[in-house]
Amino acid sequence: MTSARNIRLFVIVDVVLVVLLLVLAIVFASRGGSGGGSDDAATGTTASSTPTPSSSSTSTEPVAFALPSGNIACTMSVDGATCTIASFTYAPPVVAGCTEKTGHVIVLNADGVAFDCVSGPPPAVAGEDVPVLEYGLTTSVGEYTCRSATDGVQCTDASGTGFRLARASWSELPA
């Protein structure tokens, strides 16, 4: 009887260890895909919608990206750039006629720079499915260019009009 009990205990311990190993492997794999703690440009993503790491080649295809922190995510097209910020500490800007939330969505287009009025919950941190634009890299679509930096994102049009967006502050360009 002791032998059967030992075998059962051995099988239970093995199953627990295998499940724990699988959970650790999944956690490790999900963190490894985002570049972990490294800001090395060699860890960039390879998805087809990955932003161009250089402003020397301009695309006309829409691009989506997030900064490595995931707090700021942007979409760009030939019509402009829109960035969302999940968490910020600056005073939300006033948007005329808005009774909802402001400060989470900023847009640069032919009309200039403006914050959108957003109803519902604020945007979440970018998911792992959004390509990362590593700090120090730039991507362009049409006449719009965005640069990722440790102190936020900067997006401008061909004339230099645009914005800087970071957790602590935002500013309109040119200043």
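A few notes on this one:
- Every residue from segment 78-115 that is polar (S, T, N, Q) and either more than 19 Å from Thr139 (Cβ to Cβ) or crowded, with 17+ Cβ neighbours inside 10 Å (or both): Thr82, Thr84, Ser87, Thr89, Thr99, Thr102
- Matching option when the condition is among the hydroxyl-bearing types (Ser, Thr, Tyr) and closer than 17 Å to Glu172 by Cα, among Thr75, Thr102, Thr138, Thr60: Thr102
- Filter result for Ser159 (in contact (Cβ under 8 Å) with a residue 24 or more places away in the chain and either more than 19 Å from Ala91 (Cα to Cα) or surrounded by fewer than 19 Cβ atoms within 10 Å (Cβ to Cβ) (or both)): no
- Check on Ser119, over 12 Å from the mean Cα position of the chain (by Cα), in contact (Cβ under 8 Å) with a residue 24 or more places away in the chain and assigned by TED's automatic domain parsing to the domain that holds Ile72: no
- Flag: Ala96 does not match the condition of being in a loop (DSSP other than H, G, I, E, B), among the aliphatic types (A, V, I, L, M) and either within 20 Å of Ser77 (Cβ to Cβ) or touching a residue at least 24 places away in the same chain (Cβ under 8 Å) (or both).
The values are calculated or read from the model by the stated rules, or taken from the named source; none is laboratory data. It should be emphasised that the depicted structure is a prediction, and the values quoted were computed from it without experimental measurement. With ideal geometry, Cβ positions are generated from the backbone for all residues, glycine too; neighbour counts draw on all protein chains shown.
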